[in-house]
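J.: This structure is in structure tokens; I'll ask about it shortly.
Values in this text are rule-based calculations from the coordinates and carry no lab data. Note that this is a predicted model, so its numbers are computed, not measured. In this analysis, Cβ positions are derived from the backbone assuming ideal geometry, glycine residues included, and neighbour counts consider all displayed protein chains.
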Amino acid sequence: MELNPEIFKAYDIRGLYGSEIDGDVAEQVGRAFARVLAGLAGKPTSDLAVALAHDMRLSAPELSARYRDGLLAEGVHVLDAGEVATEVCYFLVGSRGLDGGLICTASHNPAAYTGAKLVGEGALALSGDTGIQEVRRQIEAGLGGAPGGGSVEQVDPQAQYEEAVLRFVDQDTIGGLRVVLDGGNGMAGPTVGPLLERFDLDLVKTYWTPDGHFPDHEPNPMLQENRDFIIAKVRESGADLGIAFDGDGDRCFFIDEQGGFIDGDFLTALLAKSLLGKNPGQAILYDVRASRAVPDTVAAAGGTAYRNRVGHAFFKRRMREEGSLFGGEVSGHYYFRDFYCADSGAIPALLMLELLSRSGQPLSALLAPYRDHYFISGEINSEVADPEAKLAELSEHYADAEQDTLDGISIDYPDWHFNVRSSNTEPLLRLCLESLVSPADMERRRDEVLALIRS
């Protein structure tokens, strides 16, 4: 198969199984990844130790074996964890001081997709700028002969992973809640399930068994059609909380007891407040799209908030540089310094259960101060012919505002603000806007900016 350069994305490798990524491509990726890691570590591939894992997709066992073949062909010692959630692979890399890790997954994408997430030492993610495109270049240049000599060790890190994750909460405080779980037939069931079963919780488990056919719905709770089920289930079962996970288990999304979806920036604010209560005065990262609820909450809790570029590679690197305690993205990625700065779906779930158990209040009441004061549009996509020209036009139109170009363009006025960013993969501009005045003002501002973008 001829290598398709489009599979090498900003944050991972991803494409259609068979037509874009097959076993031969996977093996070449494994070989090139070994060479990239060797360059980063400053040692030969024969001295590398690399974690390998895969999710529940139907093609994953075959392709994981071919990634392994590629690593072995370069002389790497492979620690193969088998079928686990992405964050378990990250934990394996970080906890054992490995040189890197590869998990065969397509995250939240539909069943036809496959791919890989790549990390280096310390579970620091490779991105398009720092490694992924170099993997592509290595393959395109020709890999030549393989030295061979690699070895495989089968490992099971689940028990150590559970122990590490449980340290984030006071286990004695969690209990007395009815919780609806939607695993999306992904990796959350076998990963998060054993953690939750330790507590006095009434768990309503749905789509909790891994199944790469995804017979019930796609494992992407960011899409409304994929969370309609859990919203209805929370309401009909009188649950205190609903938690939906994406396919590879490293993201979770929350539904309050009234069936209200919790936006990622409000969840970041809640988690930041909870974590700062245990770790005063720490730094918190949030992304450029987020509501002002995040920096306002962090400041009130005695922390320091820093805005950051969107994307897990950028968050993990900045967290290491700042020593940040926690980072949250609007997209539902939550990062923890004491979890190798990696994103996790299990830790936010546990923290939210701890917060609810301690507060004695319904989740909607904890969210009311945010929902009553910060009026957000959510992310809205627009197809444009020339994204850069449109960003320049927006900058000129709102020249009287405070502006920055950390990621796209951010326009700030005292009582409203917005960010517009280009998609990494499509000719799209993505708008997130917030008003501090009213829902009607948010809608008016939103429509005004969209008209400029789409004109």
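J.: On a 0 to 90° scale, report how tilted helix 23-41 is relative to the longest principal axis of the chain, with both axes built from alpha carbons and the result rounded to the nearest 10.
T.: Roughly 80 degrees between the two axes.
J.: While we're here: Multiplying the sequence separation of Arg178 and Ala365 by 0.36 nm and subtracting their Cα-Cα distance, what value in nm do you get?
T.: Details: separation 187, 0.36 × 187 = 67.32 nm, distance 1.68 nm.
My answer for the length gained is 65.6 nm.
J.: Roughly how far apart, in whole Å, are the Cα centres of the stretch 17-92 and the stretch 131-150?
T.: First find each Cα centre; the distance between them is then 12 Å.
J.: Could you give the size of the charge dipole of the chain about its Cα centre, using +1 on the Cβ of each K and R and -1 on the Cβ of each D and E, expressed in debye and rounded to the nearest 20? Don't skip to the answer; put the middle values down first.
T.: On the way: 40 positive and 71 negative charges, 143 e Å.
In debye, rounded to 20, the chain gives about 680.
J.: A further question on this structure: With charges only on Cβ, +1 for K and R and -1 for D and E, what is the dipole size of the stretch 177-255 about its Cα centre, in debye, rounded to 20?
T.: Working: 7 positive and 14 negative charges, 39 e Å.
The calculation lands at about 180 debye.
J.: Regarding the stretch 30-111, what whole-number volume in Å³ per residue does the convex hull of its Cα atoms give?
T.: Working: hull volume 6.6 nm³, N = 82.
Considering the Cα atoms of the stretch 30-111, their hull volume per residue is 81 Å³.
J.: Please report Val234, Val288 as a ranked list, fewest other C-beta atoms within 10 angstrom at the top and most at the bottom. Don't skip to the answer; put the middle values down first.
T.: Working: Val234 26, Val288 21.
Listed from fewest to most nearby Cβ atoms, that is Val288, Val234.
J.: Pull out the extension gain between Arg235 and Ser151, defined as 0.36 nm times the separation in residues minus the alpha carbon to alpha carbon distance; nm, one decimal. Working shown, then result.
T.: On the way: separation 84, 0.36 × 84 = 30.24 nm, distance 5.14 nm.
Extra length available between Arg235 and Ser151 comes to 25.1 nm.
J.: Which one of Tyr90, Pro61, Gln154 has its Cα pushed farthest toward the positive end of the charge dipole of the stretch 5-156, where Lys and Arg give +1 and Asp and Glu give -1 at the Cβ?
T.: Toward the positive end, the furthest listed residue is Tyr90.
J.: Treat every Asp and Glu Cβ in the stretch 361-439 as -1 and every Lys and Arg Cβ as +1, leave all other atoms uncharged, and give the resulting dipole magnitude about the Cα centre to the nearest 20 debye.
T.: Charge dipole, the stretch 361-439, about its Cα centre: 380 debye, nearest 20.
J.: What are the lysines whose alpha-carbon lies under 20 Å from the alpha-carbon of Lys233, with same-chain residues fewer than 8 places away excluded?
T.: Partners within reach: Lys205.
J.: With a 10 Å Cβ neighbour count serving as the proxy for reagent exposure, in which order, fewest first, do Arg57, Arg309, Arg318, Arg198 appear? If you can, show how the numbers build up before the last one.
T.: Details: Arg57 30, Arg309 16, Arg318 19, Arg198 11.
In increasing order of surrounding Cβ atoms, one gets Arg198, Arg309, Arg318, Arg57.
J.: With only alpha-carbon atoms counted, please give the Rg and Dmax of the chain, in Å.
T.: 21.8, 65
J.: Sticking with this one: For Asp386 and Glu140, compute 0.36 nm times the residue count separating them, minus their Cα-Cα distance, and round to one decimal in nm. Spell out each step's value before the answer.
T.: Details: separation 246, 0.36 × 246 = 88.56 nm, distance 2.93 nm.
So the chain would gain 85.6 nm between Asp386 and Glu140.
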